[in-house]
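The structure appears right after this line, and notes come after that.
The values are calculated or read from the model by the stated rules, or taken from the named source; none is laboratory data. Here the structure is a predicted model, which is why all the values come from computation and not from measurement. With ideal geometry, Cβ positions are generated from the backbone for all residues, glycine too; neighbour counts draw on all protein chains shown. Accessible surface is based on the protein model in full, side chains and every heavy atom, while ligands, DNA and RNA are left aside. Shrake-Rupley method; radii C 1.70, N 1.55, O 1.52, S 1.80 Å.
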Amino acid sequence: MTNYDSSFAREVFENVDYGEEIKMCMQCGVCAASCPLSMQMDYSPRKIFLMIRAGKREEVLNSNAIMLCTSCYSCKVRCPRGIPVIDVMHGLANYAIRQGYVPRKYTATFGSEFWKQIYRLGRIDEKDLSRRYFFSDGFVQGIKNTLEMVDMGITMFLHRRMKPLPERPIKGIKGLRKMLDKAAQMGKGGASAS
Ligand code: SF4
Ligand code: SF4
């Protein structure tokens, strides 16, 4: 007989945005069948919800599934119980990061560098973003990553998708930063001045 541990479920209900919605899940599997990324996920949304109730804290917070969600909304519109599956998945990803879990290290690194650029420039400088991302694991790995992507870089330059000179901040960057600071204060944004 399985011994269920409800402590993680309580933690989720109390701390994760939309976490309490999981109580309504009847394990029908419609969300899993609707999710275009379920083949890439280690656990489907349905299984994630079951694991939360079974107390599988480490497995859930380390899962790639909660970081892979692309916000396509298929699960939310099809769930017969009206559970906002997408919001729960994002809530879990946010909670995992706040707890020091980084389920998809490279996604988190990319996201962090992306947000720093938005805060600094109000736009993305592909050259700088790629450099910071490629070299996040050290110089040698950075050279390997760069060589792997060199063809794409050349294509982007040729199609003017990447400019040779550094990008400048957009007009109104101060106003944008104020908005991002406010959003961060409200707990809804990930940007910071760092
Ligand atoms: S579709 Fe809704 S009720 Fe069905 S498994 Fe997914 S979350 Fe649960
Ligand atoms: S919103 Fe996320 S979890 Fe839901 S179906 Fe789309 S990718 Fe899957």
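Counting only protein chains, not ligands or nucleic acids, how are 139, 49, 110 ordered by accessible area (probe 1.4 Å), most first? Intermediate values should be presented prior to the final figure.
Working: 139 145, 49 5, 110 85 Å².
Output order, biggest surface exposure first: 139, 110, 49.
For residue 174, the lysines whose Cα falls under 20 Å of its own Cα, not counting residues fewer than eight places away in the same chain, are 116, 182, 188. The mean sequence separation of alpha-carbon pairs under 8 Å and at least six residues apart, normalised by the residue count of the stretch 7-98, gives a relative contact order of 38 percent. What a 1.4 Å probe finds exposed on the stretch 105-185 is 63% carbon and sulfur by accessible area, rounded to a whole percent.
Please give the per residue accessible area of the chain, computed with a probe of 1.4 Å over protein heavy atoms only, in Å². Before the final figure, lay out the partial values.
Values: 12330 Å² over 194 residues.
It amounts to 64 Å² per residue over the chain.
Diagonalise the Cα gyration tensor of the stretch 105-185 and give the resulting equivalent ellipsoid semi-axes, square root of 5 times each eigenvalue, largest first, whole Å.
Details: eigenvalues 133, 60, 14 Å².
In descending order, the three semi-axes are 26, 17, 8 Å.
Largest to smallest in accessible area, the residues 133, 106 fall in the order 106, 133 (1.4 Å probe, all protein chains included). Applying Stokes-Einstein at 37 °C and 0.692 mPa s to the Kirkwood radius of the chain, computed over alpha-carbon pairs, gives a translational diffusion coefficient of 173 µm² s⁻¹.
Put a plus charge on the Cβ of each Lys and Arg, a minus charge on the Cβ of each Asp and Glu, and nothing anywhere else: the dipole of the chain about its Cα centre is then about 760 debye.
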